[in-house]
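Colleague: Structure incoming, see below.
The values are calculated or read from the model by the stated rules, or taken from the named source; none is laboratory data. Note that the structure is predicted; figures quoted are calculated from it, not measured. Glycine also receives a Cβ, built like all others from the backbone with ideal geometry; neighbour counts cover every protein chain displayed. These area figures cover heavy atoms from the full protein model, side chains too; ligands, DNA and RNA do not enter into them. Shrake-Rupley method; radii C 1.70, N 1.55, O 1.52, S 1.80 Å.
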Amino acid sequence: MNETVGTNGLIFNEPLLWEKGVSGRTGFSMPRRDVDNAPVDENLAGKGPDFPDLSEVDLVRHYVRLSQWNFSVDNGMYPLGSCTMKYNPKTNERQAALPGIAGAHPLLPESLSQGMLQLMHELSDDLCRITGLDAVSLQPAAGAHGELTGMLIIYAYHAAKGEKRSKILIPDTAHGTNPASASLCGFASIPLASNEQGMLDPAAVAELMDEDTAGIMVTNPNTLGLFEENITEVAKIVHDKGGLVYCDGANMNALMGVVNMKDSGVDVLHLNLHKTFSTPHGGGGPGAGPVCVTKALEPFLPVPRVTEENGRYAFSWDHPQSVGKLHAFWGNFGILVRAYSYIRSMGGENLKKASQLAVLNANYIKERLKGTYHLPYDRPCMHECVFTDKHQQAHKVSTLDIAKRLMEYGFHPPTVYFPLVVSGALMIEPTETECKADLDRFIEAMKAIDAEAKENPDLLHDAPKIPKVRRLDEVAAARKPCLRD
Ligand SMILES: *Cc1c(COP(=O)(O)O)cnc(C)c1O
């Protein structure tokens, strides 16, 4: 068969619409004219915009083809560690699109927004129940924004006691946004080395924790996908010196209905609704990073807060110790609707089951791949597992080569070279929405790639050959982004 003739359905050489246009083509049929020509006013006659002439089908195919160059959770497994790329039930989209919700204007008076306020109030209650904490702000627009809010709350808490503490302890297994958020709030991040099991070491915390340290920022599960087993002990050490415990709960997907965060010693925690609570995300799209706190920190939450009295809902602004307002209007409301829809349609039992399955799936992958890929921390994991390219390096095959080749097997690559504490990391998060058959297909692909690394490493060095964009010059891509081609 001549490879230049015909198509397998995926066309990667899509011209620009201007190159496709053929003079005189149109995308619609006008009824035949039944009046005489009339001269056009000369002032209006100039040259129109330079739009190409196209038929409807030209246009539809162009955009559908472009959409097929993208990988999404809706067309395949997307095991991007730390990102919880799980399937988002379409009913959540439908609820967010209901005309009464999608069309609600943020400047409507409270009396005409009772349903919206009720939704925010009930969602806040649900998030308190899920985390065990006492109060929540739905305002932050993303995980990192939630972290900044949490840091401001911690700062305000110490300030209210007449203290100005300057440091925050940040374990080396924390998410990369954590030190950035702490610095943005003016704290110095003090790095804390994890022990040989990839865990927080209470002795190391005790050594560094002092009365100039505002608290600790713990990612739990940490970026190795491990549960911080010493969290309660660590929290006690921090509390004894007057500090607070911040938990990055972006990956609550592993813990819903299983761990009560307040009981484990956490004072402030953010959630990523766009990860755990089933909102489509990626590419910088909108998110929501609610911040949950203990009763003692409630006065510092952002304003306005949603209150309820005798079945009437209202915004309350009068919280003099509040850190202020952190988002225009009331946060990314559409994301809140999706999360509410997800939580209510699942119910507590199913949320717990989702977490259990997420953990089961990650452990299944870990156990089945651990002979083939090097597993730096061989312990039961949470929702994700971290391998390295150590075995494949013997054949001069790297994590990047493995990730690129995986695309040719139809899978989105896992997170690579993160966390930084693991050299050549491959961080795999299957999520609970993958069935065993799909996990097996992924595992088989990873094993096939390992076999190729031994037999034909160049196949991996040259990958990917199928996708539109092959190997990027990543330095040039970051320094000189070309967004057109
Ligand atoms: C994704 C993630 C973040 C950052 O969340 P954004 O919404 O991208 O700002 C922070 N911490 C952890 C552990 C994460 O997985």
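Colleague: Condition first: open to solvent by 50 Å² or more (accessible area, probe 1.4 Å) and within 13 Å of the ligand (Cβ to nearest atom). Can you find one or more residues in region 285-301 that meet it?
Modeller: Yes - at least one qualifying residue is present in region 285-301.
Colleague: Consider region 385-432. How many of its residues are β-branched (V, I, T) and without any contact (Cβ under 8 Å) to a residue 40 or more places away in the chain? Working first, answer last.
Modeller: Initial filter on region 385-432 (β-branched (V, I, T)): 386, 388, 397, 399, 402, 415-416, 421-422, 428, 431.
Okay, now just the ones that are also without any contact (Cβ under 8 Å) to a residue 40 or more places away in the chain, so 388, 399, 416.
Residues meeting the conditions: 3.
Colleague: Identify, by number, the condition in (1) over 30 Å from R338 (Cβ atoms); (2) surrounded by fewer than 23 Cβ atoms within 10 Å (Cβ to Cβ); (3) out of contact with any Ser or Thr (no Cβ under 7 Å at 6 or more places or on another chain) that Y157 doesn't meet.
Modeller: Going through the list (1) over 30 Å from R338 (Cβ atoms); (2) surrounded by fewer than 23 Cβ atoms within 10 Å (Cβ to Cβ); (3) out of contact with any Ser or Thr (no Cβ under 7 Å at 6 or more places or on another chain), Y157 breaks only (2).
Colleague: Something else: Out of curiosity, is G242 within 14 Å of the ligand (Cβ to nearest atom), open to solvent by less than 40 Å² (accessible area, probe 1.4 Å), at positive phi and modelled with pLDDT of 95 or more? Walk me through how you get there before you give the answer.
Modeller: Details: within 14 Å of the ligand (Cβ to nearest atom): no; open to solvent by less than 40 Å² (accessible area, probe 1.4 Å): yes; at positive phi: yes; modelled with pLDDT of 95 or more: yes.
So G242 does not fit the description; no.
Colleague: Within region 302-344, take every residue that is crowded, with 17+ Cβ neighbours inside 10 Å and charged (D, E, K, R) and give me the one that is nearest to G215 (Cα to Cα).
Modeller: The extreme case among them is R305.
Colleague: If you check every pair at least six apart or on different chains, which have Cβ atoms under 9 Å apart with a residue in region 44-58 that is closer than 17 Å to E19 by Cβ first and a residue that is outside any helix (DSSP H, G or I) and among the charged types (D, E, K, R) second?
Modeller: What qualifies is P52/R25; D53/R25; L54/R25; S55/R25; D58/R25.
Colleague: Let me ask something else about it. Report yes if G249 is within 14 Å of the ligand (Cβ to nearest atom), surrounded by fewer than 24 Cβ atoms within 10 Å (Cβ to Cβ) and either at pLDDT 95 or above or under 18 Å from V136 (Cβ atoms) (or both), otherwise no.
Modeller: In short, no.
Colleague: Okay, moving on. Residues that are open to solvent by less than 70 Å² (accessible area, probe 1.4 Å), in contact with a helix residue (DSSP H, G or I) (Cβ under 8 Å, 6 or more places away or on another chain) and under 30 Å from E384 (Cβ atoms): list the helices (runs of 4 or more DSSP H) wholly contained in region 46-128 that include at least 3 such residues.
Modeller: Working: elements: 56-68, 90-96, 99-102.
Helices (runs of 4 or more DSSP H) meeting the threshold: 90-96.
Colleague: Sticking with this one: Could you check region 223-239 and list, in sequence order, the residues that are part of a loop (DSSP other than H, G, I, E, B), more than 11 Å from the ligand (Cβ to nearest atom) and within 21 Å of Q356 (Cβ to Cβ)?
Modeller: Across region 223-239, the qualifying residues are L224, L226, F227, E228, E229.
Colleague: Can you pull out the residues in region 196-212 that are farther than 17 Å from C247 by Cβ and at pLDDT 95 or above?
Modeller: Result: D201, A203, A204, A206, E207, L208, D210, E211, D212.
Colleague: Is it the case that region 171-182 has a residue that's open to solvent by less than 20 Å² (accessible area, probe 1.4 Å) and away from the ligand (no atom under 16 Å from the Cβ)?
Modeller: Checking region 171-182: not a single residue is open to solvent by less than 20 Å² (accessible area, probe 1.4 Å) and away from the ligand (no atom under 16 Å from the Cβ).
Colleague: While we're on this one: Starting from region 293-314, keep only residues that are closer than 22 Å to D263 by Cβ and in contact (Cβ under 8 Å) with a residue 40 or more places away in the chain, then list their pairs with residues that are open to solvent by 30 Å² or more (accessible area, probe 1.4 Å) and charged (D, E, K, R) whose Cβ atoms are within a distance under 6 Å, requiring at least 6 positions of separation or different chains.
Modeller: Hits for this filter: T294/D134; K295/D134.
Colleague: Quick check on my filter: what residues within region 426-485 are touching a helix residue (DSSP H, G or I) at 6+ places or on another chain (Cβ under 8 Å), outside any loop (DSSP other than H, G, I, E, B) and open to solvent by 80 Å² or more (accessible area, probe 1.4 Å)?
Modeller: K436
Colleague: A further question on this structure: Scan region 252-263 residue by residue and report those that are over 22 Å from M85 (Cβ atoms) and more than 16 Å from the ligand (Cβ to nearest atom).
Modeller: First, pick out the residues of region 252-263 that are over 22 Å from M85 (Cβ atoms): 259-263.
Listed by number, the residues that qualify are N260, K262, D263.
Colleague: Follow-up question, since we're still on this one. Which condition breaks for A314 when tested against (1) closer than 30 Å to K465 by Cβ; (2) in contact with a strand residue (DSSP E or B) (Cβ under 8 Å, 6 or more places away or on another chain)?
Modeller: (1)
Colleague: For region 241-340, which strands (runs of 3 or more DSSP E) that fit wholly inside it have 3 or more residues that are touching a Phe, Trp or Tyr at 6+ places or on another chain (Cβ under 9 Å)?
Modeller: On the way: elements: 244-249, 268-271, 291-293, 305-309, 312-316.
In region 241-340, the matching strands (runs of 3 or more DSSP E) lie at 268-271, 305-309.
Colleague: With the condition kept exactly as written, say whether any residue in region 131-138 is in a loop (DSSP other than H, G, I, E, B), within 16 Å of the ligand (Cβ to nearest atom) and closer than 30 Å to V245 by Cβ.
Modeller: yes
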